[in-house]
Amino acid sequence: MIRIRNLCVKLADFVLHDVNLDVKPGEYFIILGPTGAGKTVLLESIAGLYQLKGGQIWLGGKEVTRLEPEKRGISIVYQDQALFPHLSVKDNITFGLKLRRKSKQEIEQTLDWLVELLGISHLLHRKPDTLSGGEKQKVALARALSTKPQLLLLDEPLSALDPENREGVQRELRRLHNQVKVTTVHVTHDFEEAIALGDRIAVIGDGCIQQVGTSEQIFRQPNSEFVARFAMVRNIFAGEVVGGNGENAVFCTEGAKLAVVTDLRGKYHASIRPEDILISHAPFPSSARNCFCGSITSIADKGSTLYLTVTLPPDFTCLVTRNSFDAMGLAEGQKVYITFKASAVHIF
């Protein structure tokens with residue numbers, strides 16, 4: 001559906017460079033990255049809002065690099081919805097259809113379809129300033145879908161919503177995509193949002209694509225320290241992979257030797273997700289090949305979960321539930337054992 005080759009955009013001091021991406025027809029594709037990474041610049045470049053310094057963009061097998069935005073068959077929804085404040089919800093939704101001089105019958109049919117699809121019939125005669133954040137986002141989606149675009153672009157559509165509305169609109173986006181099947185590119189800085197919605201994810205940082213993969217690949221197999229930190233891996237160590245036979249090896253770092261599964265040898269990084277580490281008061285009876293004794297040196301309370309720092313050295317961040325924390329009577333200064341599988345250690 002979308003092919004981007006060697007795309008470069010220069011805006012003042014910011015440069016988006018050498019971007020190569022492929023988005024499949026009907027895919028829900030996430031562009032994930034921190035503030036200032038170039039997410040929105042990439043999205044608006046696909047829409048044709050910037051003159052490219054280099055590269056090509058293809059949509060549906062047709063090169064659109066120099067095609068005017070209005071001829072690309074693209075709709076875009078921004079985080080602030082950008083609804084026309086003086087128009088009713090109905091007029092906001094049908095605005096694009098009237099601009100394209102569609103017949104009255106076609107406008108009514110499309111409106112009926114969207115109203116039923118999004119469940120907003122009760123909002124049609126209201127003005128945008130009387131709507132909640134979630135309702136505004138539904139109206140903005142209806143307006144974007146009214147022209148039946150071949151590509152839907154979403155720029156941080158959930159970031160301006162409160163947590164309750166955010167979850168509701170997130171479910172709505174997934175349901176809409178399952179029903180309408182329009183190819184969607186969604187920009188966000190929220191990793192949980194990316195996992196919940198994306199078929200695949202492109203992580204962007206410093207003006208270039210860092211990694212592309214499924215949520216599982218990004219989550220479990222980051223290819224760089226940048227991606228690992230953004231995916232909230234928390235446990236990232238520099239060291240050397242040595243010894244062993246075949247894929248059974250040892251990763252040496254800062255006073256600890258970790259059993260790992262890899263055919264790589266030499267200087268690399270290792271990452272271990274906090275939820276893959278078990279904490280116990282005594283050595284844990286299991287087949288896991290990594291078991292170490294350390295002390296709890298800090299506790300970060302997140303409500304239903306807690307992050308514990310266990311120092312060997314090095315420092316390991318471990319995730320426990322509130323129930324487990326209370327049942328075990330864990331506290332700072334305690335000696336505990338941490339246990340994790342060799343396969344839970346990712347080498348990159």
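A short reminder: the numbers here are calculations on the coordinates, not readings from a lab. Quick caveat, the model's predicted, so the values are computed rather than measured. Note that we place each Cβ from the backbone using ideal geometry, even for glycine, and neighbour counts take in every protein chain shown.
Suppose only helical runs count, i.e. DSSP H with n ≥ 4. What mean residue ellipticity at 222 nm does that imply for the chain under -39500 (n - 2.57) per run, divided by all residues and rounded to the nearest 500 deg cm²/dmol? Could the numbers behind the result be given before it?
Values: 9 runs with 93 residues, N = 348.
My calculation for the chain gives -8000 deg cm²/dmol from helical runs alone.
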Averaging sequence separations of C-alpha pairs under 8 Å and six or more residues apart, then dividing by the length of the chain, give the relative contact order as a whole percent.
16 percent
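Which order results if ASP162, ASP155, ASP18 are arranged by neighbouring Cβ count within 10 Å, fewest first? Walk me through the numbers on the way to the answer.
Values: ASP162 10, ASP155 20, ASP18 14.
In increasing order of surrounding Cβ atoms, one gets ASP162, ASP18, ASP155.
Enumerate by residue number the GluC sites (Glu not before Pro) in the range 112-181 meeting two conditions: DSSP loop (anything except H, G, I, E, B), and at most 13 other Cβ atoms within 10 Å of the site's Cβ.
Details: sites: GLU116, GLU135, GLU164, GLU167, GLU172; in loops: none.
In loop regions of the range 112-181 (DSSP not H, G, I, E or B), there are no sparsely surrounded GluC sites (Glu not before Pro).
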Tell me the Rg and the Dmax, in Å, that the Cα atoms of the range 150-272 produce.
18.5, 55
May I ask for the Kirkwood hydrodynamic radius of the chain, worked out over all distinct Cα pairs and given in angstroms to one decimal?
22.9 Å
Report, in whole Å, the centroid distance computed from the Cα atoms of the range 125-200 and the range 249-321.
38 Å
Among LEU319, PRO25, GLY198 - extreme Cα towards positive end, dipole of the chain, charges at beta-carbon
PRO25
C-alpha center-to-center spacing [the range 225-248, the range 24-48] in angstrom
28 Å
Debye log10 I(q)/I(0) at q = 0.10, 0.15, 0.17, 0.22 Å⁻¹ for the range 235-347, Cα point scatterers
-0.29, -0.63, -0.78, -1.19
Kindly flag which residue pairs out of LYS90/LYS181; LYS71/LYS127; LYS104/LYS138; LYS102/LYS181; LYS257/LYS341 have an alpha-carbon separation exceeding 19 Å in this structure.
LYS90/LYS181; LYS71/LYS127; LYS104/LYS138; LYS102/LYS181
Check GLN211: other-chain or 5+ apart residues with amide H under 5 Å from its amide H, H built from backbone geometry?
VAL203
Gain in length, ALA331 to CYS293, computed as 0.36 nm per residue apart minus the alpha-carbon separation, to one decimal in nm?
12.2 nm
